[in-house]
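Derivation of every value follows stated rules applied to the coordinates shown; laboratory data play no part. Please read these numbers as outputs of a predicted model, since none were measured by experiment. Counting neighbours? That spans all protein chains shown, and the Cβs are built from the backbone with ideal geometry, glycine included.
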Amino acid sequence: MLLIRGGDVIDQSGRRRADVLIDGDRIVAVGIGLQVGSGASVLDADGAVTCPGFVDLHTHLRQPGNEEAETVETGSRAGALGGYTALVAMPNTSPATDSVAMVRQVRQWGEAAGLADVHPAATITAGRSGEQLADLAALYADGVRVFTDDGNEVADAALMRAALELARQLPGAVIAQHAECAALVAAGHLNEGPVAQALGLVGRPGTAEEITVARDLALVALVGGNVRYHVLHASVAATVELIRRAKAAGLAVSVEVTPQHLTLTDACCSGADPTFKVNPPLRREEDLLALRDALRDGVIDAVATDHAPHTPDTKARPFASAPPGMLGLETALAVVVGRAGIPLERAIAALSWQPARIAGLSEHGRPIAPGEPANICVIDPNRRWEVIADRLASKSHNTPFAHWTVTGKVRHTVLRGTPTVIDEVAQR
Ligand SMILES: [Zn+2]
C-alpha cells in the first residue's frame, strides 16, 4: 500500500482536500484522514497538489540513431522528474519509426527503463520521406494512435488527403502535422522579421504555419467522417483563429502549444545563441500573448514539450548550422504555471487528461478516484528553484531556461502504483 498524504487533489472534477491510497497499480481510496498500517509507504503531499500524471504528446527520445543526445531511458527519467507518466515518442529517429517492428522496439526500451509509459508515434510516410504512406493500418493494429512526420511537414496535399482518408477508417487515430509550409521555410533559421534581418539570416515566416493549417483544415472538411487532425506546436496567432473556427464548425481537430512558445520570443535569438533555435521558431510577442489566451480559454487543448535534446557540440555550432530544438520535460510545469501565468487547474488539464485523450491513452489522465490506474504526480506549486542545465536528467543540456528561477516543481511521480520520483529524486 502507498499513501499520498496531505494536500489537495486536482482532477477533472475540480479541487478538494484529500489523501490518496494506492494498492498495487490502482487507486483504492480517496478522502480525508486515510489511515494505513505500519507496512505502508507514505508520500508527503503537504502543501502540494496531487493530480493525474502528465502526458507529453511530443517527446524526442532520440533512440535509435542519436543516443549521444538522449536515450529512451534518460528521456524517460527526465519525463518522470517533470511529472510525466506517459510520453508519446516522436518517430523522427534514425531510422524513422515507420514499422511495427520499430514501434515494438521503442516500446520495449520504454518498458526496460520503467520510468514512464513510452508510446511511440509512427510516421505518416514511409521513411518520413514525404513520398508514400507508411502502413498506417498495420501500425494502428499494433496500438499506434498518433501518426506524424514531425520535423517535416507532409507537404503533398494529395498524400495528406490520403492519410486523412485512411485515418478516418481507424477509430481514435490522429494525423498530427508539423505545420510549416516546406517551400516557405526551406532555407530559414528563425522567425522572419527584424531579428532575422539584423542577423543577416533567412527567416521562416509565421505565414508558413498559417498556410499549412488552413490547407489541412480544408482537407479535413473534405475528407469528413470525423477524421481527427492535430496541429503540433502551434506558434502563431493565425493558427489559433483557424482552429477556433474549425472547432466551432464541428471538426475533430486539436492543437498543442509548447512552454517555449508561451514564454520566449524571437528577441531571444538576437545574440545568435543556437539554444534558442527551434522549429517552428520563437515568434513575436503578439503571437505569444494570443497563444496564452487560447490556452486559458480552451481553444488550445494541450501543452506539449517538443523536448528535443541535442549534444553540446552540435548546439555549439553557429546559428545557421546548429540543429533546431530545446529540452522541455523537466521544466514544463514551472514555465507554464510560474512564467506564462496559466492558472494551475487549467495547466494540469492541458498537461494531463487533455493530451491523454488526444493520444488515446486510456490508462493516463484519469480522475483521482477508486478503481482508476495509479498514474499520478504530486506537485508543489510554490516551490522556487533554479534551472541548472547540467543538473537536468536529460543527457543533453540545451535548455533555453538555464539560470531562470522558476516556481512550481514536481515532488513525486507514481507510475502504475510505483514511485518513479520521490522528493524530487528519480528512483532508478
Ligand atoms: Zn515539429
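Compute the Cα gyration tensor for the range 74-134, then decide on rounded, prolate or oblate, letting a ≥ b ≥ c be the square roots of its eigenvalues: rounded whenever a/c is under 1.5, prolate when a/b is larger than b/c in the other cases, and oblate in all that remain.
Prolate.
Put a dot 7 Å past each Cα toward the Cβ at D273 and A101; how far apart are the dots in nm?
Output for this residue pair reads 4.4 nm.
When DSSP assigns beta bridges and you keep just the ones with both residues in the chain, what percent turn out antiparallel, to the nearest 5?
So the antiparallel bridges amount to about 50 percent of the total.
Between A183 and V425, what FRET efficiency follows from the Cβ-Cβ distance if R0 is 60 Å, with the result rounded to 0.05?
0.80
Per DSSP H run of n ≥ 4, the term is -39500 (n - 2.57); total these for the chain, divide by its residue number, and report the mean residue ellipticity at 222 nm rounded to 500 deg cm²/dmol.
About -7500 deg cm²/dmol.
Given springs between every Cα pair under 10 Å in a Gaussian network model of the chain, which of A155, A122, A101 has the largest fluctuation?
Fluctuation is largest for A101.
Using each residue's phi in the range 28-34, evaluate 6.51 cos²θ - 1.76 cosθ + 1.60 at θ = phi - 60° and report the 3J(HN,Hα) Karplus result to the nearest Hz, with x for Gly and Pro.
In residue order, the calculated couplings are 10, 8, 9, x, 8, x, 5 Hz.
Considering amide H positions built from the backbone, and no H for Pro or chain starts, which residues 5 or more places from G365, or on another chain, come under 5 Å of its amide H?
G53
Specify, per residue and in Å³, the volume enclosed by the convex hull of the alpha carbon atoms belonging to the chain.
122 Å³
From the phi of every residue in the range 221-234, what ³J(HN,Hα) in whole Hz does the Karplus formula 6.51 cos²θ - 1.76 cosθ + 1.60 yield, where θ is phi - 60° and glycine or proline is x?
Whole-Hz 3J(HN,Hα) from phi for the range 221-234: 5, 5, 5, x, x, 6, 4, 9, 9, 10, 8, 6, 5, 4.
With θ set to phi - 60°, apply the Karplus curve 6.51 cos²θ - 1.76 cosθ + 1.60 along the range 35-48 and write out the HN-Hα couplings as whole Hz, x wherever there is a Gly or Pro.
So the J values, rounded to whole Hz, are 10, 9, x, 6, x, 7, 8, 10, 9, 7, 10, 4, x, 10.
With just the Cα atoms defining each centre, how far is the range 317-348 from the range 30-47? Give it in Å.
Each part's Cα centre sits 33 Å from the other's.
Taking a spot 7 Å from the Cα of D142 along the direction of its beta carbon, which residues of the range 86-100 have an amide N less than 17 Å from it?
Those under the cut-off are 88-100.
Counting only residues 5 or more places away or on other chains, whose amide H sits under 5 Å from the amide H of I27 once H atoms are built in the peptide plane?
Here the answer is G371, E372, A374, since their amide H atoms fall under 5 Å of that of I27.
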